[in-house]
Amino acid sequence: MKEILCAALLGMTTIATAQQEKELKLWYRQPAGSRWENALPVGNGRLGAMVYGNVELENIQLNEGTVWSGSPNRNDYPEMLSALPEARRLIFEGKQAEAQKYLEQTVKFSQASGQMFEPVGSLRLAFDGQRVTARAGAGR
């Protein structure tokens, strides 16, 4: 009887703590600076932004899914389907360079293979009087 009571109390405690709302936040030691690779990507797949987290002058690069380089084109290559089994075999055997060479010779890429998303614009926010002092050895 005691075991059943203990198990029930443990179960109720677990359920109660699992449903508590927890504060979620990201915390970085220093701003991203001007490096795109250090910025935080946010978005929903159609709208997006890169947030740099700079305190004095924030830069947020904005993006929207229909803004990209080039013109409409087809990125599918019908000959890839027949070349895929051999390329996979080479890759699984650890012969990545041979697989790359095989695909370059077998599949003729007649068009550009994809386009790049282009930024819609940059939102710059200035916060006068705010400053971050750099700490030695601090990383993102």
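With respect to being loosely packed, with under 10 Cβ neighbours inside 10 Å and assigned to a helix (DSSP H, G or I), ALA97 fits the description. Could you list, ordered by first residue, the pairs with Cβ atoms under 6 Å in which the first is in segment 41-68 and at positive phi and crowded, with 18+ Cβ neighbours inside 10 Å and the second is not aromatic (Phe, Trp, Tyr) and not in a strand (DSSP E or B), at least 6 apart or interchain? Close Cβ pairs satisfying both conditions: GLY53/PRO31; GLY53/ALA32.
Across segment 100-122, what is the total count of residues that are at pLDDT below 85 and in a loop (DSSP other than H, G, I, E, B)?
To start, the set of residues in segment 100-122 that are at pLDDT below 85 comprises 107-118.
Next cut, in a loop (DSSP other than H, G, I, E, B) only: 107-116, 118.
Final tally of qualifying residues: 11.
The values are calculated or read from the model by the stated rules, or taken from the named source; none is laboratory data. Here the structure is a predicted model, which is why all the values come from computation and not from measurement. Here the Cβ is made from the backbone with ideal geometry for all residues, glycine too, and neighbour counts use every protein chain on show.
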